[in-house]
Structures are given as C-alpha cells and as structure tokens.
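S.K.: Structure in structure tokens, see below.
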Ligand code: NI
C-alpha cells in the first residue's frame with residue numbers, strides 16, 4: 001500500500017495551551033506533535049461517526065456467571081441474531097464461576113451501541129464495556 005502524502009501546515013496556539021499539549025502528549029508517550037495531532041483528529045472522527053451512526057469497529061467485553069445457563073443461552077441467541085455486525089468472538093474461562101467474552105464488532109455506530117446495550121442488560125452479566133475504534137477508513 002502506498003503511504004499517503006504528508007502535508008505540512010502551520011498552527012497558531014496560545015503559548016499556555018501549547019505547553020499543556022506538549023506536557024500531555026509527553027505523558028502519553030508521543031515523541032512528536034504530528035502523530036499526536038493526527039491521533040486526536042482521528043479520535044474525533046471516530047466519536048463523530050459513532051454519534052452519527054457511521055461505520056465503526058470495536059469490542060464488546062462482557063463478564064458473566066456461566067453457572068446461570070439461561071444467561072449463556074440468551075447471550076448465544078443474541079449473538080446469532082447480530083451475525084451481520086459480529087465478526088469474531090473470543091471466549092475465556094476466567095475461573096470456576098466466570099466467563100469473559102470479547103466480541104469484535106464492525107458496523108453502523110447505532111447498531112453497535114444497541115447490541116452492546118442489550119448484551120449489558122442481560123440478567124447475569126456482571127460487567128460490560130464497549131470500546132469503539134475506527135473501521136479503518
Ligand atoms: Ni467459559
């Protein structure tokens with residue numbers, strides 16, 4: 001794949017804001033401003049796409065008690081019903097009582113959020129998070 005052509009541009013900021021930015025990106029591990037600014041812009045685009053229902057990718061992570069068989073069946077049924085946005089599921093047996101599932105998703109932000117919300121609401125699910133990232137476009 002060809003690397004996209006980089007374009008230089010000038011930015012004017014208040015000195016104090018720039019110092020805070022440099023301190024922030026230093027703490028985040030960036031060694032130059034360009035990558036930090038590009039990442040912040042992409043992060044805004046992901047947030048915007050998610051809010052407007054545009055395409056996003058992400059991971060729904062859930063922890064549940066696997067002794068409650070009705071939870072397991074419900075979660076499986078829901079995943080089969082959302083095969084169009086679920087691209088992979090990884091199941092980990094956390095300990096004797098608990099299972100962890102990482103469900104990789106890709107699709108419109110609203111559908112991804114609806115799936116994450118409905119998984120979270122299943123009785124027996126102890127914790128759930130949705131991490132949203134770029135679909136790569
Ligand atoms: Ni398990």
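S.K.: What is the gain in length, in nm to one decimal, between residue 20 and residue 44 on full extension, counting 0.36 nm per residue of separation less the C-alpha to C-alpha distance?
M.R.: Length gained between residue 20 and residue 44: 6.7 nm.
S.K.: Shifting gears a bit: Residue 118 to residue 95: FRET efficiency via 1/(1 + (r/R0)^6), r the Cβ-Cβ distance, R0 22 Å, to the nearest 0.05?
M.R.: 0.30
S.K.: What area, in nm² and to one decimal, does the C-alpha convex hull of segment 90-137 cast on average over all directions?
M.R.: 3.8
S.K.: Please compute the length gained on full extension between residue 137 and residue 84, using 0.36 nm multiplied by the number of residues separating them and subtracting their Cα-Cα distance.
M.R.: So the extension gain works out to 17.2 nm.
S.K.: Now for a separate question. How compact is segment 1-66 by the rule of thumb for globular proteins, expressed as Cα Rg over 2.2 N^0.38 Å?
M.R.: 1.57
S.K.: Rounded, prolate or oblate: which fits the chain, taking a ≥ b ≥ c as square roots of the Cα gyration tensor eigenvalues, rounded meaning a/c under 1.5, else prolate when a/b beats b/c?
M.R.: Because a/c hits 1.5 or more and a/b exceeds b/c, the chain counts as prolate.
S.K.: Next up: What number, rounded to the nearest 500 deg cm²/dmol, is the helix-based mean residue ellipticity at 222 nm of the chain, given -39500 (n - 2.57) per DSSP H run of at least four residues and division by all its residues?
M.R.: Taking each H run of at least 4 residues, the total per residue is -13500 deg cm²/dmol.
Throughout, read-outs are computed from the coordinates displayed, never taken from laboratory work. Everything quoted here is computed from the prediction, not taken from an experiment. Note: ideal-geometry Cβ built from the backbone for every residue, glycine included; neighbour counts use all protein chains shown.
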